[in-house]
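Input: a single structure, listed below in structure tokens.
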Amino acid sequence: MSEILVLVDHVDGAVTKPTTELLTIARRLGEPSAVFIGAAGGADTAAGQLRKYGAEKIYVVEDTDFKDYLVAPKAEVLAQLVEKAAPAAVLISSGGEGKEIAGRLAIKTNSGLITDASDVQPGGDGSPVTTQSVFAGNYTVQATVTKGTAIITVKPNAATPEQVDGAGAQEQVEVTISAGAKTAKITASEPRKSSGRPDLTEAAIVVSGGRGTGGNFEPVEHFADALGAAVGASRAAVDSGWYPHSFQIGQTGKTVSPQLYVAAGISGAIQHRAGMQTSKTIIAINKDEEAPLFELVDFGVVGDLHSVLPAATEEVNKRKG
Amino acid sequence: MNIVVCVKYVPDATADRHFESDHTVDRVGVDGLLSELDEYAVEQALQIKESAEDTEITVVTVGPDDATNAIRKALQMGADKGVHVVDDSIAGSDSVATSLVLAEAIKKLEFQLVVCGMASTDAAMGVIPAMLAERLELPAVTLGSEVEFEGDTVRIRRDGDTATDTVEGTLPLVLSVTDQSGEARYPSFKGIMAAKKKPLETWSLSDLGLSADQVGLSTAWSRVESTEARPPRTQGEIVTDEEGSGAAKLTEFLASKKFI
């Protein structure tokens, strides 16, 4: 059975949930091989987790020599592994960095590329068939790669991670990184403070605020905390400087597909809908009964979020006991 | 400095976008425009031009006949000249082929800097800047939300999910900017008039030394097997808040769906 390479996304060896989802998908398609790029110590931390989710092999590439550079060296590492292992597919987490690595890898290996898959399943001949949600969630597209190695970036929550014991044999890989790949240098990095809330793209519930908050996100945050939800923001709120861009939901921010999406004071421009339209259940709270978002909600409250949300927060907390 | 800005002509996101029977995007039956996210790339180039004398901005696009409208808009904003690569055989190209055509077009131009938007608003892959860097063998500083020049050094702020990075590279390079990089200007009346006289060249595949079998739908590296319109969402219950009734009904709904 062919190997399926999974690029491991991790923070100092702590493997992210989307990586365990990729391993689960890889098992459907072939034999999952994790590619760990990082410090040698981190690989030992990661190995346990990778094995638990079915990694049969773990390729370990030490990055001391190139970790201060932008994505290009990682693409070279993967290209060398594609040559060595001849995998049937390479799976990478969707996101700014993941998509760039995938784009470079496609050119290096003369392969087809599919981005932002929300599902990947084996087709009739066993090769991967992807599902994507396109045109602001209005269409579902199925696609296949027809040349080279299938290079696929996969969105978070595309699969439920399954625990399956993998052999997880570690193999140190020596790679050569070209001078050309070391030309965009990361000269400073400032870690973002954690909000303590669930990660936006992985959360089961997301509560978002927009223009209607008037810059006061407290009611949104308190309601989110009562529901154990992540907090998001519309572009209008981000552009007004009320909430950081990393929380923006929509075309140029994050795309979320949670079980429940609550939009407070968000009118629902197409750009915003593109980022949340595939949510299972949608609730909107807006003073303006003409807000376009009401057209697609399962439940809507025409009212001021500044009174509705605090009262609802109190009610939710009371019910939780 | 010579700057090349890559732009895409896309179907209007607020229109009824759809696919043709061969699963390619209908680029003729829906009104098109310059991709909103590419306006930020044009704006960035214009800002550079304003601070550096002797800067010339060339806007390049690959697309059907109407794609000249995207170039026209960029020229109205203030770019100096346009190049439109148009050829029937390009229709249906995927990102691998499109990046090939764009890269060959860029190679024919003199440049120190290539500027791109973060992604198109139709396919939204966001891979073309990386692919161009790969094909042109240039450094890429990508997804800049702030851009700063210091001699030959380009420095950007890049907002990642877990950290904010400062990334720098030396010209020549490929730069991509996000929608956080600065509001794009509207064309002025003067700009609109001036654009009519700006040079706009049309190139075919053979002008780039490429042949039809290197591009297009039948050559693509990936294939769309099916496209299906998602059933429209149906509106549920809408209540009007009256003296706290909204919160009570909201909580009731959440409980009925087992969210609390």
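The values are calculated or read from the model by the stated rules, or taken from the named source; none is laboratory data. On a predicted model such as this, the values are computed, not experimentally measured, just so you know. Cβ: placed from backbone, ideal geometry, glycine included. Neighbour counts: every protein chain shown. We work out accessible area using only protein heavy atoms, side chains counted, and drop any ligands, DNA or RNA first. Shrake-Rupley method; radii C 1.70, N 1.55, O 1.52, S 1.80 Å.
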Problem set entry | Where residue B:187 falls short, out of the listed (1) more than 10 Å from chain A (Cβ to nearest Cβ); (2) assigned to a strand (DSSP E or B) | (2)
Exercise. Among the listed residues B:154, B:177, which satisfies the condition of being surrounded by 16 or more Cβ atoms within 10 Å (Cβ to Cβ) and more than 10 Å from chain A (Cβ to nearest Cβ)?
Worked result: B:177
Exercise. Residue B:213 passes all but one of (1) touching a helix residue (DSSP H, G or I) at 6+ places or on another chain (Cβ under 8 Å); (2) among the acidic types (Asp, Glu); (3) more than 9 Å from chain A (Cβ to nearest Cβ); which number fails?
Worked result: (1)
Exercise. Just a yes or no: is a residue in region A:45-54 open to solvent by less than 40 Å² (accessible area, probe 1.4 Å), free of Cβ contacts under 8 Å to residues at least 60 places away in the same chain and of a type outside the set (Gly, Ala, Ser)?
Worked result: no
Exercise. For residue A:239, which of the numbered conditions (1) within 13 Å of another protein chain (Cβ to nearest Cβ); (2) open to solvent by less than 50 Å² (accessible area, probe 1.4 Å); (3) of a type in the set (D, E, K, R) fails to hold?
Worked result: (2)
Exercise. What is the residue count in region B:218-244 for residues that are open to solvent by less than 50 Å² (accessible area, probe 1.4 Å) and over 26 Å from residue A:276 (Cβ atoms)?
Worked result: 5
For this session: Please determine, by comparing only the residues of region B:125-151 that are at positive phi and facing chain A (nearest Cβ under 7 Å), which one is surrounded by the fewest Cβ atoms within 10 Å (Cβ to Cβ).
Result: B:137
Exercise. Within region B:160-174, which residues are open to solvent by less than 60 Å² (accessible area, probe 1.4 Å) and of a type in the set (Val, Ile, Thr)?
Worked result: B:164, B:166, B:167, B:174
Seminar exercise, completed: Among strands (runs of 3 or more DSSP E) entirely within region B:191-257, at least 2 residues that are modelled with pLDDT under 95 and of a type in the set (Gly, Ala, Ser) occur in none
Problem set entry | Test for residue A:114: is it closer than 21 Å to residue B:119 by Cα, within 13 Å of another protein chain (Cβ to nearest Cβ) and hydrophobic (A, V, I, L, M, F, W, C) | yes
For this session: Output the residues belonging to region A:183-221 that are open to solvent by less than 50 Å² (accessible area, probe 1.4 Å), within 11 Å of another protein chain (Cβ to nearest Cβ) and modelled with pLDDT under 95.
Result: A:200, A:201
Problem set entry | Those residues of region B:10-25 which are open to solvent by less than 70 Å² (accessible area, probe 1.4 Å) and farther than 16 Å from residue B:223 by Cα, in sequence order | B:10, B:11, B:12, B:13, B:15, B:17, B:18
For this session: Name the residue, out of A:38, A:30, that is surrounded by 20 or more Cβ atoms within 10 Å (Cβ to Cβ), modelled with pLDDT of 95 or more, small (Gly, Ala, Ser) and in contact with a strand residue (DSSP E or B) (Cβ under 6 Å, 6 or more places away or on another chain).
Result: A:30
For this session: Just name the residue that is nearest to residue B:124 (Cα to Cα) out of those in region A:242-251 that are open to solvent by 10 Å² or more (accessible area, probe 1.4 Å) and facing another protein chain (nearest Cβ under 10 Å).
Result: A:251
Problem set entry | Of all residues in region A:227-236 being within 11 Å of chain B (Cβ to nearest Cβ) and open to solvent by 10 Å² or more (accessible area, probe 1.4 Å), the one that is farthest from the chain's Cα centre (by Cα) | A:227
For this session: Please state which one of B:65, B:94 is at pLDDT 95 or above, among the acidic types (Asp, Glu) and buried (at least 19 other Cβ atoms within 10 Å of the Cβ).
Result: B:94
Problem set entry | Top-ranked residue of region A:147-182 - restricted to ones that are part of a loop (DSSP other than H, G, I, E, B), more than 24 Å from the chain's Cα centre (by Cα) and within 11 Å of another protein chain (Cβ to nearest Cβ), ranked as surrounded by the fewest Cβ atoms within 10 Å (Cβ to Cβ) | A:178
Exercise. Is one or more of the residues making up region B:102-117 within 17 Å of the chain's Cα centre (by Cα) and within 8 Å of chain A (Cβ to nearest Cβ)?
Worked result: no
Exercise. Just for helices (runs of 4 or more DSSP H) wholly inside region A:36-135: which have at least 3 residues that are closer than 21 Å to residue A:170 by Cβ?
Worked result: A:40-52, A:72-85
For this session: Being more than 8 Å from every other protein chain (Cβ to nearest Cβ), touching a residue at least 12 places away in the same chain (Cβ under 8 Å) and over 20 Å from residue A:107 (Cβ atoms) is the filter here, so list the residues in region B:219-260 that pass it.
Result: none
For this session: Identify the residue in region A:284-310 that is crowded, with 20+ Cβ neighbours inside 10 Å, closer than 21 Å to residue B:242 by Cα and within 7 Å of chain B (Cβ to nearest Cβ) and, among all such residues, is nearest to the chain's Cα centre (by Cα).
Result: A:297
Problem set entry | Test for residue B:225: is it acidic (Asp, Glu) and out of contact with any strand residue (DSSP E or B) (no Cβ under 9 Å at 6 or more places or on another chain) | no
Exercise. Which residues, taken from region A:103-131, are out of contact with any helix residue (DSSP H, G or I) (no Cβ under 8 Å at 6 or more places or on another chain) and open to solvent by less than 30 Å² (accessible area, probe 1.4 Å)?
Worked result: A:114, A:117, A:123, A:130, A:131
Seminar exercise, completed: Of the residues in region A:260-276 that are at the interface with chain B (Cβ under 10 Å from one of its Cβ atoms) and either open to solvent by less than 20 Å² (accessible area, probe 1.4 Å) or at pLDDT 95 or above (or both), the one that is farthest from the chain's Cα centre (by Cα) is A:262
